[in-house]
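Report on one structure; see the data block that follows.
The values are calculated or read from the model by the stated rules, or taken from the named source; none is laboratory data. All figures in this text were calculated on a predicted structure; none of them were measured in a lab. Cβ sites come from the backbone with ideal geometry, for glycine too, and all protein chains shown count toward neighbours.
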Amino acid sequence: MSSAAPAAERWLIALDIDGTVLREDGSMGEPVIDAVARVRDAGHEVTLATGRSVAMTLPILERLGIEPEYVVCSNGAITLQRDKDATLGYRRFHVETFNPREVLSTIRENLASANYAVEDEEGHYRYTGYFPDGALGAVSQKVEFDELLTDTATRVVVISPEHAIEDFLSVVERMGLHKVSYNVGWTAWLDIAPDGINKATALERVRGLLGIPRSRVLAMGDGRNDIDMLEWASAEGRGVAMGQAPEEVLAVASEVTGTDLDDGAASVLAAF
């Protein structure tokens, strides 16, 4: 193991999961695992910043062999802190929620045939319609649409498979959603978070708590929900887009690496 980086030279390295440390098929390349371990052992703070729920994030920490002080889940709505006394080794440190009634009602008027899910602060989903197996994690309950309106949400998820992504984006733009932050994924998948909350806002909080300067942050991702994070990192540090990212994601990054299939994340980390 190489000698640890002095505290004054430590970096905060925030990695997206799907399409960044995980390939599209869910596999994780050995070069990525090895590169993460080497950077961790050098004394840098390597963490995850993901749209995944807590339950779907913690196993990835284990696969990577890292135990960062803080982890960002649910697109910034939930920040975890390491806690040896907690059941799974982490506790919820900061949680942002909102009332989803207005946004759900607005979207349903425009996308009547879509499928809807609401995530609560414990990571449990209530949903209506159809979601692919595993898309919402292990803890989910099918309910009537009106029952979704009574929950306090950390996130609302909308999928509309019958829409092409371009059509879906057009509908979302026309809705003029207010009081929420939203991102559209690779397919017709819409993630809605509390107002002004995203991976960047959560990571800025984490950075301050760790005392790491903005000039020593590196964020890496591939999706539209990574745009804010990459803009934040690129301003004074390094915002790295994966090679397969959409044009609007590539446009805000300060660097571009190889694709997930090429283990592009490992290439970036190898330079540390």
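Of note:
- Hits in segment 22-46 - residues which are assigned to a loop (DSSP other than H, G, I, E, B), within 14 Å of residue 264 (Cβ to Cβ) and out of contact with any strand residue (DSSP E or B) (no Cβ under 6 Å at 6 or more places or on another chain): 23, 24, 29
- Filter result for residue 164 (under 24 Å from residue 196 (Cβ atoms), in contact (Cβ under 8 Å) with a residue 12 or more places away in the chain and among the aliphatic types (A, V, I, L, M)): no
- Filter result for the condition that a residue is touching a strand residue (DSSP E or B) at 6+ places or on another chain (Cβ under 6 Å) and of a type outside the set (A, V, I, L, M), over 162, 119, 144, 102: 119
- Tally, over segment 240-252, of residues that are crowded, with 24+ Cβ neighbours inside 10 Å and assigned to a loop (DSSP other than H, G, I, E, B): 2
- Single residue of segment 21-36 satisfying the filter (in contact with a Gly (Cβ under 8 Å, 6 or more places away or on another chain) and aliphatic (A, V, I, L, M)) that is surrounded by the most Cβ atoms within 10 Å (Cβ to Cβ): 36
- Matching entry among 237, 258, 196 (being more than 20 Å from residue 158 (Cα to Cα), modelled with pLDDT of 85 or more, of a type outside the set (S, T, N, Q) and surrounded by fewer than 20 Cβ atoms within 10 Å (Cβ to Cβ)): 258
- Candidate set from segment 215-232 (those that are under 13 Å from residue 16 (Cα atoms) and in a helix (DSSP H, G or I)); member that is modelled with the lowest pLDDT: 224
- Residue that is modelled with the lowest pLDDT [pool: residues in segment 142-193 that are among the charged types (D, E, K, R) and within 13 Å of residue 100 (Cβ to Cβ)]: 179
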